[in-house]
Amino acid sequence: MTESEAVILRALETALADQSLEKLGVAVSGGSDSTALLYGLQAVLGDRVQLFVATVDHGLRLEAAAEAEAVAASAAALSLRHDTLKWTGWDGAGNLQDQARRARYGLLAKWAGVHGLDAVALGHTADDQAETLLMRLGRSSGIDGLSGMAPVREVDGVRFLRPLLGVTRAELRAYLTGRGIGWIDDPSNENENFTRIRARRALGELGDLGISARGLADVTANLAEAREALAYFAHDAACALVRIDGGDVLVDIAGFIALPAETQRRLLVHAFGWINQRAYPPRRAPVGDALAAIAEKRPVTLAGCRVLHESDSFRICREFNAVRDEVCAVDGLWDGRWRITGDGLEGGEIRPLGEAGLAQCPTWRETGRPHAALIATPALWQGGELVAAPLAGAGGSWRADLSSGAESFYTTLLSH
């Protein structure tokens with residue numbers, strides 16, 4: 001066994017040791033990183049775990065279809081199932097790499113659901129981690145951003161594993177070369193219009209300073225440990241200062257103002273994400289502006305949420321304009337977080353309560369919840385008739401419950 005092979009197999013064994021797996025997906029583009037991941041996983045897992053292979057064709061290059069076919073042939077030679085997942089969503093506007101990345105995760109998550117996979121493995125390397133660090137330095141990111149990519153991430157309820165973050169691209173290519181396995185070089189990896197490619201070139205120039213991909217990957221690991229410590233402190237602060245009321249986050253303002261700025265930021269960003277269900281937090285500058293407004297007891301609107309001040313606390317709730325067009329069936333999940341249950345109803349749907357609905361709830365003030373918060377809560381409608389608004393005191397036999405439960409606000413502070 002060569003040194004590079006030993007490094008790769010050891011990294012995979014370590015990364016997967018704590019993962020409960022029976023069916024594992026592998027995202028393979030045909031490049032060296034994901035190809036080495038596929039062969040390494042088969043060597044480590046053998047017949048203990050059933051492997052499934054997928055290639056995402058973004059439809060951006062004529063060669064992509066042939067590359068997917070090449071991966072399919074490699075998978076067939078290993079007696080593994082292969083699927084090509086096609087993206088057709090690019091309209092030429094916006095950030096191509098960002099949209100392609102989000103589409104890739106979405107397609108892979110759906111694929112994992114179809115096949116009942118326990119997780120999907122990705123071929124990100126120490127080089128990718130180092131490049132990510134350099135790019136985020138350019139954006140003046142905080143400690144969360146500079147901690148790089150997490151070894152385990154959940155997207156749309158699917159676990160994504162990155163077991164090769166401690167292995168360099170050079171080691172992976174040496175492993176493949178030693179086994180006589182080829183790979184496909186994507187020509188877009190030479191396109192300096194992409195920030196990542198410029199970061200890759202810059203990384204190559206930093207060697208004279210003793211800065212390497214592995215070294216920067218170690219830095220991100222060190223920062224990830226610091227991030228974990230900060231998360232525990234934020235969790236303790238949340239347990240002491242935060243109360244959940246009707247899906248809103250109520251925070252003791254005196255205790256919040258006394259917290260270190262970083263803990264304030266973490267709690268606020270977490271509250272936004274818990275309420276709006278977005279995968280990506282707002283940028284650091286507008287969060288800083290929001291914190292300044294909270295200290296001055298001024299209202300805030302950010303990330304589809306509102307901050308409303310009460311006597312000795314402030315309330316973070318959903319912004320009505322962010323949900324005004326949200327509609328789902330009675331048995332559906334509204335706004336990604338709410339379910340309404342109760343007596344059967346034919347032809348009903350869940351929509352925001354709104355001004356018109358709140359006007360039909362004469363006892364809404366008895367809930368203690370402000371007008372601006374209640375109009376953005378879920379209500380049951382049948383045509384233009386309000387049937388129930390549980391959070392506004394007009395529930396009858398109907399209930400509105402958070403799909404993840406109020407406790408998830410505290411527990412997810414530690415899991416993100």
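The values are calculated or read from the model by the stated rules, or taken from the named source; none is laboratory data. All values derive from a computational prediction rather than experimental measurement. With ideal geometry, Cβ positions are generated from the backbone for all residues, glycine too; neighbour counts draw on all protein chains shown. With ligands, DNA and RNA removed, areas are computed over all heavy atoms of the protein, side chains included. Shrake-Rupley method; radii C 1.70, N 1.55, O 1.52, S 1.80 Å.
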Looking across segment 148-178 at residues that are open to solvent by less than 40 Å² (accessible area, probe 1.4 Å) and of a type in the set (Lys, Arg), the single one that is nearest to residue 25 (Cα to Cα) is 162
Have a look at 24, 134 and point out the one that is touching a helix residue (DSSP H, G or I) at 6+ places or on another chain (Cβ under 9 Å) and either part of a strand (DSSP E or B) or among the hydroxyl-bearing types (Ser, Thr, Tyr) (or both).
24
Filter segment 241-272 for residues that are more than 17 Å from residue 289 (Cα to Cα) and either assigned to a loop (DSSP other than H, G, I, E, B) or under 18 Å from the mean Cα position of the chain (by Cα) (or both) and give the result.
246, 247, 258
Is it the case that residue 290 is at pLDDT 95 or above, open to solvent by less than 30 Å² (accessible area, probe 1.4 Å), under 21 Å from residue 321 (Cα atoms) and more than 21 Å from the chain's Cα centre (by Cα)?
yes
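Quick grid of which residues meet (1) open to solvent by 30 Å² or more (accessible area, probe 1.4 Å); (2) within 21 Å of residue 25 (Cβ to Cβ):
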position: 55; (1), (2): no, yes
position: 61; (1), (2): yes, no
position: 68; (1), (2): no, yes
position: 79; (1), (2): yes, yes
position: 98; (1), (2): yes, no
position: 105; (1), (2): no, yes
position: 111; (1), (2): no, yes
position: 117; (1), (2): no, yes
position: 128; (1), (2): no, yes
Regarding segment 216-233, can at least one residue be identified that is over 25 Å from the mean Cα position of the chain (by Cα), free of Cβ contacts under 8 Å to residues at least 40 places away in the same chain and open to solvent by 30 Å² or more (accessible area, probe 1.4 Å)?
no
Where residue 103 falls short, out of the listed (1) closer than 30 Å to residue 207 by Cβ; (2) of a type in the set (A, V, I, L, M); (3) modelled with pLDDT under 95; (4) assigned to a helix (DSSP H, G or I):
(1)
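Restricting to segment 234-265, and then to whatever is of a type in the set (Val, Ile, Thr) and open to solvent by less than 40 Å² (accessible area, probe 1.4 Å), can you tell me which residue is farthest from residue 336 (Cα to Cα)?
Top of the filtered list is 253.
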For residues that are open to solvent by 40 Å² or more (accessible area, probe 1.4 Å), part of a helix (DSSP H, G or I) and not charged (D, E, K, R), scanning just segment 195-215, find the one that is nearest to residue 144 (Cα to Cα).
195
